[in-house]
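Asks: Here it is, the structure, as structure tokens.
The values are calculated or read from the model by the stated rules, or taken from the named source; none is laboratory data. Bear in mind the structure is a predicted one, so any value in this text is a computation, not a measurement. Don't worry about glycine lacking a Cβ; one is built from the backbone with ideal geometry, like all the others, and counts go over all protein chains shown.
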Amino acid sequence: MKFRFLEEIATADVAFEAYGKSLDELFENCGLAVEETMVDTRTISKSNPPAGGQKAKIQIKNQNLENLLYDFLSELVFLKDRDGLLFSKTKVKINLVSNIYHLSSNLSGEAIDPSRHHLRADVKAVTKHLFKIKKEKEGYKATVVLDI
């Protein structure tokens, strides 16, 4: 399972738990959950590069892993708001260098087209409410609440 929505946690917002065997996979699955909150990603072209599609790259760093995830997910919302972009494919690579996490992500998607994309909720922001990353026996789990 990549992620699951937590309907019992947030009634006016959207909450989810995402999972990953590695931090890279955890961040990718969190990104997918954010995108799935906004759009049915099956309606976004999966070809690489998508016909008429868009590519984007996110590069951020932070000393704190949870803040890195928060910044990454916030950047996805920002790209939707500023550029009108939604993504069906997210590849993340995280490295720890001198106690600083460096994230590089390649995104593939399309500009919002209501005639082709099944739009869902308009995510306004990632919140800090219940926000956490937890190391587990099988990998990692993140809990995220989105303001819609």
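Asks: List the number of the failed condition for Q63; all other conditions in (1) buried (at least 19 other Cβ atoms within 10 Å of the Cβ); (2) modelled with pLDDT of 95 or more; (3) under 19 Å from F131 (Cα atoms) hold.
Replies: Going through (1) buried (at least 19 other Cβ atoms within 10 Å of the Cβ); (2) modelled with pLDDT of 95 or more; (3) under 19 Å from F131 (Cα atoms) one by one, Q63 breaks only (1).
Asks: Only one of (1) in contact with a strand residue (DSSP E or B) (Cβ under 6 Å, 6 or more places away or on another chain); (2) under 15 Å from F72 (Cβ atoms) fails for K128. Which number is that?
Replies: All conditions pass for K128, except number (1).
Asks: For S45, state whether it is of a type outside the set (A, V, I, L, M) and assigned to a loop (DSSP other than H, G, I, E, B).
Replies: Here the answer is yes, as S45 does meet what is asked.
Asks: Just name the residue that is nearest to D83 (Cα to Cα) out of those in the range 97-114 that are free of Cβ contacts under 8 Å to residues at least 40 places away in the same chain and not in a loop (DSSP other than H, G, I, E, B).
Replies: Top of the filtered list is I100.
Asks: In the set F72, F78, F87, which member is without any contact (Cβ under 8 Å) to a residue 60 or more places away in the chain, over 17 Å from F131 (Cα atoms) and buried (at least 19 other Cβ atoms within 10 Å of the Cβ)? Steps first, please.
Replies: Working: F72 fails: over 17 Å from F131 (Cα atoms); F78 fails: buried (at least 19 other Cβ atoms within 10 Å of the Cβ).
Just a single option satisfies the conditions, and that option is F87.
Asks: Go through (1) among the aliphatic types (A, V, I, L, M); (2) within 18 Å of G20 (Cβ to Cβ); (3) surrounded by 17 or more Cβ atoms within 10 Å (Cβ to Cβ) one by one and return the number of the condition V145 breaks.
Replies: Single failed check for V145: (2).
Asks: If you take the residues in the range 1-46 that are under 22 Å from L103 (Cβ atoms) and of a type in the set (F, W, Y), which one is surrounded by the fewest Cβ atoms within 10 Å (Cβ to Cβ)?
Replies: Per the stated criteria, the residue is Y19.
Asks: Quickly run through the range 90-114 and pick out the residues that are surrounded by fewer than 20 Cβ atoms within 10 Å (Cβ to Cβ), farther than 14 Å from I44 by Cβ and small (G, A, S).
Replies: Matches in the range 90-114: S98, S104.
Asks: Can you work out which of the residues in the range 72-86 that are under 12 Å from C30 (Cα atoms) and not polar (S, T, N, Q) is nearest to the chain's Cα centre (by Cα)?
Replies: Applying the filter and picking the extreme gives L73.
Residues are listed down the side, and each one gets a yes or a no for (1) under 21 Å from V14 (Cβ atoms); (2) part of a strand (DSSP E or B); (3) touching a His at 6+ places or on another chain (Cβ under 7 Å):
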| site | (1), (2), (3) |
| --- | --- |
| N67 | yes, no, no |
| D71 | yes, no, no |
| L76 | yes, no, no |
| K91 | no, yes, no |
| N95 | no, yes, yes |
| R116 | no, no, no |
| L130 | yes, no, no |
| I133 | yes, yes, no |
| K141 | yes, yes, no |
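Asks: For K80, indicate whether it is closer than 14 Å to V123 by Cα and not acidic (D, E).
Replies: yes
Asks: Look through K128, K89, K93, K124 and report the one residue that is within 13 Å of Y70 (Cβ to Cβ), under 16 Å from the mean Cα position of the chain (by Cα) and not aliphatic (A, V, I, L, M).
Replies: Every option except K128 fails the conditions.
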